[in-house]
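Just so it is clear, none of the values below were taken in a lab; they were calculated from the coordinates. Fair warning: this is a prediction, and the values are worked out from it, not measured in the lab. Virtual Cβ from ideal backbone geometry, glycine too; neighbours counted across all protein chains shown.
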Amino acid sequence: MSNLEVLSIAELEAAAMEKMDKMTREYYNSGSDREITLRDNLAAFDRYRLRPRVLKDVSRIDTSTQLWGKKISFPLCIAPAAMAKLAHPSGEVGISRAAANAGVAVGLSSFSTSSMEDVVAQGAGAIDYAIQLYVFQNRKTSEVLVRRAERAGFKAVFLTVDTPYLGRRINEVRNRFKLPPHLQLLNFENPGDVAVYSENETKAHGGDKGKPPAAGAGVDSILPQGNVNDASLNWETDIQWLRSITKLEIWVKGILTAEDTLLAVQHGVDGIIISNHGGRQLDGVTSTLDALPECVAAAAGRIPVHIDGGIRRGTDIFKALALGADCCWVGRIPLWGLAYDGQAGVELALKLLYEEFKLCMSLAGCKSVKEISRDHLIRVKTDGT
Ligand code: FNR
């Protein structure tokens with residue numbers, strides 16, 4: 001299938017499926033347990049219809065917005081997703097180049113298969129980057145990662161807070177998900193420091209210092225005793241801890257309630273991302289779009305509120321903004337783009353979303369993103385959720 005034939009993200013997804021091996025396809029696409037949340041993230045967007053305004057002179061449309069003091073071409077950025085080289089050898093570097101060409105920001109996973117320096121070098125100056133952070137039981141490893149990101153020129157830390165333990169993703173167990181031996185997690189110096197393995201796995205690998213971790217149980221695998229992350233992470237001490245080790249903006253990724261939004265404000269975080277990890281953590285939690293309004297109300301304009309999960313069309317971006325989000329992020333779409341056609345596939349994906357969003361703005365009668373409001377939506381009843 002040539003690029004010309006892929007005319008929507010749904011078609012891109014279908015085309016990408018043919019290019020990936022079973023382990024990668026299921027690792028990227030699956031959610032946890034019964035995948036109720038995974039499905040509901042998408043379905044939630046169909047519970048809203050648009051209320052367009054007409055005769056608004058839409059001959060000139062400005063889709064741009066601001067993030068970290070810089071203009072982004074439209075309110076859609078690239079969410080951190082682990083191990084992009086499973087999709088294509090260019091991996092996170094390919095994604096970064098595509099994002100730089102499209103003028104949108106990038107969140108880079110702690111568990112990326114390209115080094116953070118290589119990723120930032122692709123778009124330095126043109127676009128901004130956030131480093132996603134898991135806080136490990138060995139805090140020093142996380143601290144080293146954050147300090148390295150600060151030196152590399154990242155703008156923000158995205159502290160992922162929905163993952164004290166990994167969600168149950170059945171495919172990963174069944175497929176014995178592993179990072180293939182030719183790929184490495186290049187943001188870590190010492191595999192002995194990295195809790196990529198369960199304790200048992202670490203011992204099996206003999207604390208092989210000096211080399212980045214190679215094959216082993218994947219980060220997202222269900223590890224029998226695998227307490228990868230520090231489950232003691234808490235509001236009382238840990239935002240302050242992060243603040244004490246970095247000057248970067250601190251964003252919390254994985255908020256779904258007004259209560260936690262208020263705590264984020266109280267603890268001085270710079271922004272939040274309404275996220276359920278793409279339906280990969282606790283199954284049965286609310287869709288992110290349904291969680292958004294209460295979080296926006298609680299934030300009351302004091303900090304930016306972003307969202308990810310289930311965004312597949314330009315109209316989805318519009319709906320999230322109408323419900324008060326300042327910006328949207330996509331996790332799987334760039335991976336599909338990469339699997340389909342490397343950097344060009346990611347560029348295609350971003351172009352499709354940009355054009356759909358711009359058309360939606362025009363046909364709904366909005367000249368700028370600031371004009372997108374709750375009045376542009378109506379909530380409808382639909383079955384099947
Ligand atoms: C993710 N996500 C994720 N989040 C995070 O904070 N750190 C990570 O390493 C990863 N890794 C990861 C791998 C894969 C394969 C996927 C699909 C997702 C979650 C990601 O940042 C984002 O929250 C969701 O992907 C958003 O949902 P959509 O856009 O995929 O529907």
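Report, in degrees rounded to the nearest 10, the 0 to 90 angle that the Cα long axis of helix 36-46 makes with the longest principal axis of the chain.
20
Arranged by the count of other C-beta atoms within 10 angstrom, fewest first, what order do SER115, SER232, SER373 take? Don't skip to the answer; put the middle values down first.
On the way: SER115 20, SER232 10, SER373 14.
Placing the least packed residue first, the sequence is SER232, SER373, SER115.
How high is the relative contact order of region 289-385? Use alpha-carbon pairs under 8 Å, at least six apart in sequence, and give a whole percent. Could you put the intermediate results ahead of the total?
Values: 106 pairs, mean separation 25.8, N = 97.
About 27 percent, as a whole number.
For the residue pair GLU18 and ALA126, what label-to-label distance in nm results when each label sits 7 Å from Cα along the Cα-to-beta-carbon direction?
3.0
Between LEU7 and ASP62, what length in nm is gained on full extension when 0.36 nm per residue of separation is reduced by their alpha carbon distance?
Values: separation 55, 0.36 × 55 = 19.80 nm, distance 2.29 nm.
In short, 17.5 nm is gained.
Within a 10 angstrom radius of the beta carbon, how do ILE170, ILE378, ILE95 rank from fewest other beta carbons to most?
Values: ILE170 15, ILE378 11, ILE95 32.
Ranking ILE170, ILE378, ILE95 by Cβ neighbours within 10 Å, fewest first, gives ILE378, ILE170, ILE95.
As an exercise, use a Förster radius of 45 Å and the Cβ-Cβ distance of ASN138 and ALA344 to find the FRET efficiency, rounded to the nearest 0.05. Numbers along the way, then the final one.
Details: r = 39 Å, r/R0 = 0.87.
Efficiency, from the Cβ-Cβ distance: 0.70.
Out of SER244, GLN343, CYS366, whose Cα points farthest toward the positive end of the dipole of the chain (charges: +1 Lys, Arg; -1 Asp, Glu; placed on Cβ)?
CYS366
Compute the relative contact order of the chain as a whole-number percentage, counting only Cα pairs closer than 8 Å that sit 6 or more residues apart in sequence.
Working: 828 pairs, mean separation 101.4, N = 385.
With pairs under 8 Å counted, the relative contact order is 26 percent.
How far apart, in nm, are two points set 7 Å out from the Cα along the Cα-to-Cβ line at LYS247 and at ARG374?
It works out to 3.9 nm between the two label points.
Taking Cα atoms, how many degrees apart are the long axis of helix 288-299 and the longest axis of the chain, rounded to 10 and kept between 0 and 90?
80
Using the Kirkwood formula on the Cα atoms of the chain, what hydrodynamic radius do you get, in angstrom to one decimal?
Evaluated over the chain, this radius sits at 21.0 Å.
Taking only Cα atoms, what is the 0 to 90° angle, nearest 10, from helix 91-102's long axis to the longest principal axis of the chain?
30
Return ARG151, ARG168 ranked ascending by Cβ neighbour count within 10 Å, so the fewest neighbours appear first. Walk me through the numbers on the way to the answer.
Values: ARG151 10, ARG168 15.
The most exposed by this proxy come first: ARG151, ARG168.
For a paramagnetic label modelled at 7 Å from the Cα of VAL54 toward its Cβ, which residues of region 347-380 fall within the zone defined by backbone nitrogen distances under 16 Å?
362-366
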